[in-house]
1. Full-extension gain between Ala118 and Ser212, please, as 0.36 nm times their residue separation minus the C-alpha to C-alpha distance.
2. According to a simple spin-label model (label point 7 Å from Cα along Cα-to-Cβ), what is the distance in nm between Val76 and Phe98?
3. Name the aspartates and glutamates eligible as straight-distance cross-link partners of Lys205: C-alpha to C-alpha under 14 Å, and not fewer than 8 places from it in the same chain.
4. List the trypsin sites (Lys or Arg not before Pro) within the range 12-89 that DSSP assigns to loop and that have no more than 16 neighbouring Cβ atoms inside 10 Å.
5. When the Cα atoms of the chain are enclosed in a convex hull and the volume is divided per residue, what value in Å³ results?
6. Name the residue, out of Gln247, Gln37, Gln133, whose mean-square fluctuation peaks in a Gaussian network model built on the chain with Cα pairs under 10 Å.
7. Can you compute the helix-only [θ] at 222 nm over the chain? Use -39500 (n - 2.57) per DSSP H run of at least 4 residues, normalise by all residues, nearest 500 deg cm²/dmol.
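Every read-out reported here was derived from the displayed coordinates using simple, explicitly stated rules and does not represent laboratory data. Here the structure is a predicted model, which is why all the values come from computation and not from measurement. Every residue, glycine as well, gets a Cβ built from its backbone with ideal geometry; the counts of neighbours run over all protein chains shown.
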Amino acid sequence: EIDVPQPGQVIDRDIRDYIVGHLQEAIDNHWIQVYYQPVIRTLTGELCGMEALARWVDPQIGFLSPASFIPVLEQVRLIHQLDAYVLEEVCRMLRQRFNHDLPVTPVSFNLSRYDFSAVDIFSLVEKTRIKYQIPRDYLHVEITESALAENDDAVHQAVDRLRNEGYEIWLDDFGSGYSSLNILKDYTVDLIKLDMGFLRSFTEKSRDIICSVIDMAKELGIKTLAEGVETQEHAEFLASIGCGRQQGYLYGKTQPLVGTLAHIEADARRTEPRKWCHYYDTAS
Ligand code: C2E
Ligand code: MG
Ligand code: MG
Ligand code: MG
């Protein structure tokens, strides 16, 4: 029995060794699975996307949080193995849905800064996409502002290439670091994902900051998505200031595909518009 660390806790040496030693086995045996969290369009309340997030349910340890295994895999420079697996699973899923004419949305997947130094990310994404014949606009790349902050040449080239070839670039955790504005100067991104920190405090000051970021994004022609939307109050505020997309426990937690896609069926059954649609005249 090994203690599972909580987020922020120093990761136990045993757990670290276990994660590193069992990554390949966990991938091969599907102990690591791809779960999805819904992304909702503010204007209509409909499901317009899903974020792919890795879950590791280990037969010996039980549930391992991404907050424990992602940093370990980054430190030992094995994160690209996980991310390549997640991308492959996403493409396999999309192909299956297309083949059976089943409804599906575009999927955003997360890349780590260490993916860029380990592999040719552009080629990896293209190779996987082509293998499953997925249209490029079904795959969005999430990269955290901290990954872009160093303005590393290799990262810059790969991100530009992905974008030029038709993959949307989503700037993750915007506002959680200290160099957000520089990133917007140095990179062209398609969407800003506002870090959930602003909604967690939800003071007048936080709301003013969110509002300014949304206005700035509009000025720059960049789409916006707020993370960590938990209450109706959050949703109505975001609609009133024209934040285009939302993601958070109000709409759905990270769960297996069928749970997330149940939103599509719920939308199809709905006759009344969702409450916050009253605000849609200002939402984009
Ligand atoms: P992220 O990309 O910022 O993902 C959003 C995280 O916020 C997810 O945590 C999600 O479950 C959580 N979250 C979503 N809505 C709410 C909410 O309303 N309230 C609160 N309190 N939390 C919410 P998760 O899945 O634990 O992932 C944590 C981070 O781990 C992700 O942050 C992402 O950076 C990373 N991650 C997960 N899977 C992968 C992966 O396959 N590859 C890479 N490179 N990173 C991954
Ligand atoms: Mg993300
Ligand atoms: Mg995020
Ligand atoms: Mg975040």
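1. Numbers: separation 94, 0.36 × 94 = 33.84 nm, distance 3.65 nm.
Net length gain for the segment: 30.2 nm.
2. Between Phe98 and Val76, the simple spin-label model gives 3.5 nm.
3. Leaving aside aspartates and glutamates fewer than 8 places away in the same chain, none come within reach of Lys205.
4. Working: sites: Arg13, Arg16, Arg41, Arg55, Arg77; in loops: Arg77.
When the trypsin sites (Lys or Arg not before Pro) of the range 12-89 are filtered for loop state and at most 16 Cβ neighbours within 10 Å, Arg77 remain.
5. Working: hull volume 39.3 nm³, N = 284.
Output value, Cα hull per residue: 138 Å³.
6. Residue with maximal mean-square fluctuation among Gln247, Gln37, Gln133: Gln133.
7. Calculated mean residue ellipticity at 222 nm is -14000 deg cm²/dmol.
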